[in-house]
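Each value in this text was obtained by applying a stated rule to the coordinates, not by laboratory testing. Quick caveat, the model's predicted, so the values are computed rather than measured. Neighbour counts are summed over all protein chains in view; Cβ atoms, including those assigned to glycine, are modelled from backbone coordinates with ideal geometry.
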Protein chains: 2
Amino acid sequence: MVNIAVLGYGTVGSGVVELFDINKEIIEKRVNDEINVKYILDIKDFKGDKFENKIIKDFDVILNDKDVNIVAEVIGGATIAYEYTKKLLEAGKSVVTSNKELVALKGEELLKIANKNNVKYLFEASVGGGIPVIHPMKECLKANNINEIIGIMNGTTNYILTKMIEDKVSFKEALENAQKLGYAEANPDADIKGIDACRKICILSSLAYGINIDPNKIDVEGIENITLDQIEKASNLGYVIKLIGYSKKTSEEKISIFVAPCAIKKTHPLANANDVYNAILVNGDMVGNVMFYGKGAGKFPTASAVCSDILECLKKDIENEIIWETKPVTLMKPELKMLNDGVNIPVLE
Amino acid sequence: MVNIAVLGYGTVGSGVVELFDINKEIIEKRVNDEINVKYILDIKDFKGDKFENKIIKDFDVILNDKDVNIVAEVIGGATIAYEYTKKLLEAGKSVVTSNKELVALKGEELLKIANKNNVKYLFEASVGGGIPVIHPMKECLKANNINEIIGIMNGTTNYILTKMIEDKVSFKEALENAQKLGYAEANPDADIKGIDACRKICILSSLAYGINIDPNKIDVEGIENITLDQIEKASNLGYVIKLIGYSKKTSEEKISIFVAPCAIKKTHPLANANDVYNAILVNGDMVGNVMFYGKGAGKFPTASAVCSDILECLKKDIENEIIWETKPVTLMKPELKMLNDGVNIPVLE
């Protein structure tokens, strides 16, 4: 039996616990072992919850339990989550997470601690929700130099832009609609201003190039100023407007990187990623362009990625992880052609 | 140092050897070891070839060399390749392959032999060329029941259909064009009649459902009767015609499965996979729809997948592989709505 702990019993945390319950049979058959969620750490009580008896408030119980070797951190943020993750890795426990903020800000340090302690720090769910992208990039493109990454990496903004196109509503109206449906938070800044997409392009770029990329040094523009008029004019020209995270390694020490709304042709592979779907195009020198597409957020899609990382931790083989390091690098926004005729948005070919 | 052997020095085989040469530095850094192609088995001589000194004609040299533990089989077909693969696995060597015919026909048996001998039989390159799809399905969707697979899985036919649409040429003309460019073989039957796509949907379905699916029992229709008129009428209705491999597990003992040209909406995620690109949509009960897109054929894309499987074999951990078994199952072609108005092609929503 494998005992695990889940830190945080919000949307993703409850998804992880429920997923292991719902798909117990097939998972146990596949890994030839039983997965037991021994603890759920949360500050709330969850009276009457099916898994109430697993909920604890004292982190040290998990830290000191020698039977728990794998922990899912789905608290979010870079404060308590950082402290807990560090302690767990130092105590020789593997940690998996959906926490893009923490991975983008502290990934380098946490990966080094994990390596030093012969445990894993995995974060498939931190980019693209349920879409397999980090693991395939690390494992399936291992024989490639990765040169370029272009992605629609934020479900909230993609939902808003899709609704503006489909329902011909303003940004404000589409945002309110997204908030009503729970696709956008009461304070939507991290999404609509591109901060979330920025964290994700930084994680993928750090992984691809082996260079730590600080999200605070990236040129980021959100979608809050996109008008319905721009969207309609772009559409008439055969383009859709999407919030794009972009990065390209142009030399050993130079990376073109930015987050901004861009116009892409309707026939572009990314163009049909609508609503809360994400799509990430990765260019490898041998494989060419590959794209990964799926739901970029949501309880069970994200839990799917967290759970697959937990199952990955069952493998005893600790590989020489591809980690990223702080190196001298120039980050810059490339010059892009503008789509004119009243649209005034950069074009990504 | 890790010694490997490559069986077959054709397009894919030479791609594998060259890839390890070109990307030597980054690969060795990532796996922390040196990869040495010790032998290349081929019946021809390749006088003057850069790797001429590695070419041998006697398979037994490889079979009996205790220093070679990983072999890439890129001969193709299900005769010699089958015999060699069986002997290698029985001798305790891991085998990786791009050979879809062999995997579709003998995968169950070969996976069992590999398991028994504690080695790996990996075949990422057998479906979708360089696209990571088999490994992500096995590893990243491990917490999901996979219910449905829809894919454009043959680059040759997709190239022909794309040219018919873009250049408004007949099937015959587009095929001749594809042959000139090396995208179609002199005898193009396996591609245009859907046989190749059938092998691929069988491999993915066997893997997804754990049930051995015999490619000889599938309803298969090719693209040889598709007319430019049908394509143009479909386009006017907002559809594109693609050769689709489809499968859906409708109950424990029933699988809807077929290969046929289908009409899909231009806004469908698969619709923008053009030319030799492939795209495969997989539905998991937790993650929803995910899609994998990239070049479905070609020297270096396919070599990228073969090489990543070779690197995967370096991991010492032999997992409890998800293999497929012969079970009682009913395979049937589902009833599909037809796109009328003179098109007369089934519609995939």
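From the alpha carbon centroid of the range A:23-50 to that of the range A:76-112 is 21 Å. One quarter of the convex hull surface built on the alpha carbon atoms of the range B:174-280 amounts to 7.6 nm², the projected area averaged over directions. Ranking B:340, B:190, B:103 by how far each Cα lies toward the positive end of the dipole of chain B (charges on Cβ) leaves B:340 at the top.
Here the convex hull built on the C-alpha positions of chain A has a volume of 137 cubic angstrom per residue. The average projected area of the range B:55-128, computed from the convex hull of its Cα atoms over all directions, is 4.7 nm².
In chain A, the DSSP-assigned H stretches of four residues or longer account for a calculated mean residue ellipticity at 222 nm of -10500 deg cm²/dmol, using -39500 (n - 2.57) per stretch and the full residue count as denominator.
Considering the range A:2-122, its Cα convex hull presents a mean projected area of 7.3 nm².
From the alpha carbon centroid of the range A:136-213 to that of the range A:245-293 is 11 Å.
Pairs exceeding a 22 Å alpha-carbon distance, out of A:93/B:112; B:38/B:86; A:38/A:138; A:44/B:142: A:93/B:112; A:38/A:138; A:44/B:142. Amide H contacts under 5 Å for residue B:41: B:6, B:7, B:8, B:56, restricted to partners 5 or more places along the chain or on a different chain, H placed in the peptide plane at 1.01 Å from N.
Of the residues A:52, A:224, A:232, the one that moves most in a GNM of chain A with alpha-carbon contacts below 10 Å is A:52. When chain A is turned onto chain B, its residue with the beta carbon nearest the axis, and that distance in whole angstrom, is A:317, 2. For the protein assembly as shown, the dipole from Cβ point charges (+1 on Lys and Arg, -1 on Asp and Glu) about the Cα centre works out to 20 debye, to the nearest 20.
Ascending distances from the residue A:228 label point to its copies in the other chains, with the point 7 Å along the Cα-to-beta-carbon line: 4.2 nm.
The chymotrypsin sites (Phe, Trp or Tyr not before Pro) of the range B:232-297 include none that meets both conditions, a loop assignment by DSSP and at most 15 other Cβ atoms within 10 Å of the site Cβ.
The magnitude of the dipole of the range B:2-122, with charges of +1 and -1 set on the Cβ of Lys/Arg and Asp/Glu and taken from the Cα centre, is near 260 debye. Calculated FRET efficiency, residue B:327 to residue B:83, Cβ-Cβ distance, R0 = 25 Å: about 0.40 to the nearest 0.05. Among beta bridges identified by DSSP and lying wholly in the protein assembly as shown, the antiparallel ones come to about 55 percent. Taking Cα atoms only, the orientation of helix A:195-209 departs from the longest principal axis of chain A by about 80 degrees.
In order along the range B:119-128, the phi-based Karplus estimate (6.51 cos²θ - 1.76 cosθ + 1.60, θ = phi - 60°) of 3J(HN,Hα) comes to 10, 10, 10, 10, 8, 3, 6, 6, 10, x Hz; Gly and Pro are listed as x. First check a/c for the protein assembly as shown, with a ≥ b ≥ c the square roots of the eigenvalues of its C-alpha gyration tensor; if it is under 1.5, answer rounded, and if not, answer prolate when a/b is larger than b/c or oblate otherwise. Cα axes put the protein assembly as shown in the rounded bin.
By DSSP, the beta bridges lying fully in the range B:2-122 are antiparallel in about 0 percent of cases. Considering only A:165, A:203, A:43, the mean-square fluctuation computed in a Gaussian network model of chain A, springs between alpha carbons under 10 angstrom, is largest for A:43. When the square roots of the Cα gyration tensor eigenvalues are ordered a ≥ b ≥ c, the ratio a/c for the range B:75-166 is 1.5 or more and a/b does not exceed b/c, which makes its shape oblate.
Taking B:198, B:307, B:140 as the candidate residues, the one with maximal mean-square fluctuation in a Gaussian network model of chain B, Cα springs under 10 Å, is B:140. Taking amide H as placed 1.01 Å from N in the peptide plane, the amide H of residue A:211 sits under 5 Å from that of A:325, each at least 5 places away or on another chain. Annotation for the range B:1-76: trypsin sites (Lys or Arg not before Pro) lying in DSSP loop with at most 10 further Cβ atoms inside 10 Å of their Cβ are B:44, B:47, B:57, B:66.
Among beta bridges identified by DSSP and lying wholly in chain B, the antiparallel ones come to about 55 percent. Remark: the range A:200-349 carries a charge dipole of roughly 240 debye about the Cα centre, counting +1 on each Lys and Arg Cβ and -1 on each Asp and Glu Cβ.
Toward the positive end of the charge dipole of chain A, with +1 on the Cβ of Lys and Arg and -1 on the Cβ of Asp and Glu, the farthest Cα among A:149, A:71, A:231 is that of A:149. For chain B, relative contact order (Cα pairs under 8 Å, six or more residues apart, normalised by length) works out to 21 percent. Think of chain A as a dipole: +1 on every Lys or Arg Cβ, -1 on every Asp or Glu Cβ, centred on the Cα centre; then among A:260, A:62, A:290, A:290 lies furthest on the positive end.
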